[in-house]
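The values are calculated or read from the model by the stated rules, or taken from the named source; none is laboratory data. This structure is a prediction, so every number in the text was calculated from the model and none was measured. Every residue, glycine among them, receives a Cβ derived from its backbone with ideal geometry; neighbour counts consider all protein chains shown.
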Amino acid sequence: MTGSFDVGEAFGARRMAGFKDFFQHASATRVVAGRDLLSSTGFELGKEGAHRVWLVTDKVIRETGLVDRVEAGVTDGGVEVAGVFDDVPQDSSTEVVDRCAAEAREAGADAFLAVGGGSVLDTAKIADSVFTHGGTAAEQEGFFLMPRADDEMGVPLPIAPLVCVPTTAGTGSEVSMGALVKDPVRKVKLEICDFPLFPRLAILDPEATRTLPPKIAAATGMDAMTHAIESYVSLEWNPFQEARSMQALRLIRSNLERAVDDGPGDEEARGNMLVAASLAIAIELGSTHAMSHPCGGLYGVPHGVANAINLPHVIRFNAEAGDDVADRYRDVCEALGVESGGSGAAVGDNLAGHLTQLVEGLGLPTRLSEVGVPEEGIPALVEGAMGDGLSLMNPREPSEEDYERLFRGAL
Ligand SMILES: [Fe+2]
């Protein structure tokens, strides 16, 4: 242990290594991955107890013809389509969720099938909860606050079966127990996290990402990269997620650029990026996500783009916190094939430099000012990042001044 502001030293113990006092890891979603799976969607839905499924998607995906093919696969398997809700916008909201749930109820559905990117999947997850338990999307907010048996002390009550077909490789929402939509009234991202939100099944078929535009493949791929890196260095790190993050990074290293450069022609890269995104997703994140959430909430910056911009700045900041953290970034460098520079702040510099280059090469912006964030917006962004629960999981505790510096650096 060396370094004058080593967080481990300050707490009298190593915080980023050893056997922890406590951790919890859950991964409750069945995953099927492979080729030509869309035609067996109905067969798989049947195995999850679905009879009349409510299909949630957006208009862009519907226009590609993908939804028609999934619908045919549903009915082939003897499951009815109760209706299609294609009204999910790029940045979904509590209002959309409530409408989706109400229409599903009117249509007499008994299960949900989400075909889309993160916004569609998260809308379907929260709508399923509203559909099952009643109330409104805004009332669902919170961590581990969904209805439970025995006066809220017992098992969490299940929601209607939910099957997810991701059409982007990034958010990992198809295998996570978290969901997030904007609350337009309070102008914040409403976050929900609880065990029943694990979808019953995720279908990872590269056919579903074949028409993904390169810019979106790049942005969502960088979201997966951010999940893998942030969860690996989070104070809430655990060995299960470490293993997932490392394999995700290896897959991203060899497939992200291919999937962006020649998406339609490279099925292998698209398939591997779907797997990488599902491996990387975690609820244990940090300051990059805490900064990116208000960028989305206040200025509509796409989530993956915000992460791609903010991540290198947070890495440099964190790596200065001591050897515990820098050692973890060295593992990340190794998985990505980046020269780490040895120890301490140099590791952060090298990794951050590599990521900025990668982001540029993918054709994404590297500054917040390029995506509509004005300098005068910084105080509100700082407030948003400070108020985000993920800040508490960052390996170096950021102060308001730190966040101001980070946002200025990213501007
Ligand atoms: Fe994310």
Check: Taking helices (runs of 4 or more DSSP H) that fall entirely within segment 30-83, which contain at least 1 residues that are modelled with pLDDT of 95 or more, in contact with a helix residue (DSSP H, G or I) (Cβ under 7 Å, 6 or more places away or on another chain) and surrounded by fewer than 16 Cβ atoms within 10 Å (Cβ to Cβ)?
Finding: 66-76
Next item on the list: Can you tell me which residue among Glu397, Glu360, Glu370 is farther than 30 Å from Gly263 by Cα and of a type in the set (D, E, K, R)?
Entry: Glu397
Notebook entry, point to check: Quick one: in segment 159-196, which of the residues that are within 16 Å of the ligand (Cβ to nearest atom) and assigned to a helix (DSSP H, G or I) is surrounded by the fewest Cβ atoms within 10 Å (Cβ to Cβ)?
Noted result: Val175
Check: Condition test on Ala17, is it touching a helix residue (DSSP H, G or I) at 6+ places or on another chain (Cβ under 7 Å), more than 16 Å from the ligand (Cβ to nearest atom) and part of a loop (DSSP other than H, G, I, E, B)?
Finding: yes
Checklist line | Tally, over segment 337-347, of residues that are in a helix (DSSP H, G or I) and surrounded by fewer than 24 Cβ atoms within 10 Å (Cβ to Cβ) | finding: 2
Checklist line | In segment 273-309, residue nearest to the chain's Cα centre (by Cα) [restricted to those that are assigned to a helix (DSSP H, G or I), surrounded by fewer than 24 Cβ atoms within 10 Å (Cβ to Cβ) and away from the ligand (no atom under 13 Å from the Cβ)] | finding: Val275
Check: If you go through segment 97-113, how many residues are closer than 24 Å to Val188 by Cα and either of a type outside the set (Val, Ile, Thr) or surrounded by fewer than 24 Cβ atoms within 10 Å (Cβ to Cβ) (or both)?
Finding: 5
Check: For Leu274, which of the numbered conditions (1) out of contact with any strand residue (DSSP E or B) (no Cβ under 6 Å at 6 or more places or on another chain); (2) under 20 Å from Ala33 (Cβ atoms) fails to hold?
Finding: (1)
Margin query: It is to be established whether one or more residues within segment 326-336 are of a type in the set (Lys, Arg), in the same structural domain as Trp237 (by TED's automatic domain parsing) and either farther than 25 Å from Leu368 by Cα or crowded, with 21+ Cβ neighbours inside 10 Å (or both).
Written below: yes
Next item on the list: Evaluate segment 292-307: report whether one residue or more is closer than 16 Å to Phe407 by Cβ and among the β-branched types (Val, Ile, Thr).
Entry: yes
Checklist line | Breaking point among (1) within 16 Å of the ligand (Cβ to nearest atom); (2) farther than 20 Å from Asp223 by Cβ, for Glu320 | finding: (1)
Checklist line | Matching residues, segment 360-380, being assigned to a loop (DSSP other than H, G, I, E, B) and over 24 Å from the mean Cα position of the chain (by Cα) | finding: Pro374
Next item on the list: Collect the residues in segment 120-158 that are without any contact (Cβ under 8 Å) to a residue 40 or more places away in the chain, surrounded by fewer than 17 Cβ atoms within 10 Å (Cβ to Cβ) and not in a loop (DSSP other than H, G, I, E, B), keeping them in residue-number order.
Entry: His133, Glu139, Arg148, Ala149, Asp150, Asp151, Glu152
Margin query: Step by step: first the residues of segment 113-142, then only those that are acidic (Asp, Glu) and modelled with pLDDT under 95, then the one that is nearest to the ligand (Cβ to nearest atom). Which residue is that?
Written below: Glu141
Notebook entry, point to check: Does Asp323 satisfy being assigned by TED's automatic domain parsing to the domain that holds Ser391 and modelled with pLDDT under 95?
Noted result: yes
Next item on the list: Looking at (1) surrounded by fewer than 20 Cβ atoms within 10 Å (Cβ to Cβ); (2) out of contact with any helix residue (DSSP H, G or I) (no Cβ under 7 Å at 6 or more places or on another chain), find the lone condition where Asp323 falls short.
Entry: (1)
